[in-house]
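Encoded as structure tokens, the structure appears first; notes follow it.
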Amino acid sequence: MAVMARKLGSFGGVALGLLLFSAAATAQAAGETATADIKLADGKDAGTVTLTDVAAGVILKFDLKGLPPGAHGFHVHEVGKCEGDLTSAGGIYNPLGAKHGFFNEEGPMAGDLPNVVAGPDGTARAELVTTYLHLNKDTDDSLFDADGSALVIYDTADDYQTDPEGGGVKRIACGVIKAK
């Protein structure tokens, strides 16, 4: 891998390392799991996100449909409610009081996730790993506290720096995270 990293450059090497690590972590996953059934703001089914606790954090596997084509902000929010205009989900999950965004020197928030990109047919399928979350129910910063948590998708791409929600204008889909 070190030889490949030199040929790919520093970013390519990091990406390759993350991909290889993710594959190894998936094979050894033995932690808690959760799901979120995602609904569009109009109530239509948009698919499911499965969360799996692994040594490095949480793997999120999503299979979504009905989204507008393009990139969309994607975050874990602090309240497990998806009602009305979806603001019922509260703000981005942020137990440590960080600022929003991967490009922010004081960030990211624990609930910041990479953008979801929907194809021309409105589908988005992928897996990603976040090191900022865990599914342990017995901790102070649990996603499964008294009011739960939710996954929220925005109408526009997250710019990874604008506080508090990455420049996302409107919440277009939401799903309550439920332990399995």
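Quick check on my filter: what residues within segment 74-100 are among the polar types (S, T, N, Q) and under 15 Å from the mean Cα position of the chain (by Cα)?
Going through segment 74-100, the residues among the polar types (S, T, N, Q) turn out to be 87-88, 94.
If the condition is that a residue be among the polar types (S, T, N, Q) and under 15 Å from the mean Cα position of the chain (by Cα), then Asn94 is the only one that fits.
Check Ala146 against each of (1) surrounded by fewer than 15 Cβ atoms within 10 Å (Cβ to Cβ); (2) closer than 16 Å to Ile38 by Cβ and name the one condition it does not meet.
Only one criterion is unmet by Ala146, namely (2).
Within segment 49-68, work out how many residues are assigned to a loop (DSSP other than H, G, I, E, B), in contact with a Leu (Cβ under 7 Å, 6 or more places away or on another chain) and either of a type in the set (A, V, I, L, M, F, W, C) or surrounded by fewer than 18 Cβ atoms within 10 Å (Cβ to Cβ) (or both).
0
Out of everything in segment 168-180 that is surrounded by fewer than 17 Cβ atoms within 10 Å (Cβ to Cβ) and not basic (Lys, Arg), what residue ends up being farthest from Val117 (Cα to Cα)?
Filtering segment 168-180 for residues that are surrounded by fewer than 17 Cβ atoms within 10 Å (Cβ to Cβ) and not basic (Lys, Arg), the one farthest from Val117 (Cα to Cα) comes out as Ala179.
So, in segment 127-163, of the ones that are at pLDDT below 90 and of a type in the set (Val, Ile, Thr), which residue ends up farthest from Gly57 (Cα to Cα)?
The qualifying residue farthest from Gly57 (Cα to Cα) is Thr162.
So the check is Cβ under 7 Å with 6+ separation or different chains; which pairs have a first residue in segment 150-166 that's on the phi < 0 side of the Ramachandran plot and surrounded by fewer than 17 Cβ atoms within 10 Å (Cβ to Cβ) and a second one that's in a loop (DSSP other than H, G, I, E, B) and of a type in the set (D, E, K, R)?
Every condition considered, the pairs that remain are Asp155/Lys170; Asp163/Lys99.
Results for (1) assigned by TED's automatic domain parsing to the domain that holds His100; (2) modelled with pLDDT under 90; (3) among the small types (Gly, Ala, Ser), shown as yes or no for each residue.
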{"position": "Val3", "(1), (2), (3)": "no, yes, no"}
{"position": "Ala25", "(1), (2), (3)": "no, yes, yes"}
{"position": "Asp45", "(1), (2), (3)": "yes, no, no"}
{"position": "Val49", "(1), (2), (3)": "yes, no, no"}
{"position": "Gly57", "(1), (2), (3)": "yes, no, yes"}
{"position": "Phe62", "(1), (2), (3)": "yes, no, no"}
{"position": "Leu67", "(1), (2), (3)": "yes, no, no"}
{"position": "His72", "(1), (2), (3)": "yes, no, no"}
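From the list Ala71, Ala36, Ala46, which one is surrounded by 23 or more Cβ atoms within 10 Å (Cβ to Cβ), under 14 Å from the mean Cα position of the chain (by Cα) and outside any loop (DSSP other than H, G, I, E, B)?
Just a single option satisfies the conditions, and that option is Ala36.
Does segment 94-109 contain any residue that is buried (at least 16 other Cβ atoms within 10 Å of the Cβ), touching a strand residue (DSSP E or B) at 6+ places or on another chain (Cβ under 6 Å) and closer than 19 Å to Thr48 by Cβ?
The answer is no; no qualifying residue exists.
The values are calculated or read from the model by the stated rules, or taken from the named source; none is laboratory data. It should be emphasised that the depicted structure is a prediction, and the values quoted were computed from it without experimental measurement. Cβ: placed from backbone, ideal geometry, glycine included. Neighbour counts: every protein chain shown.
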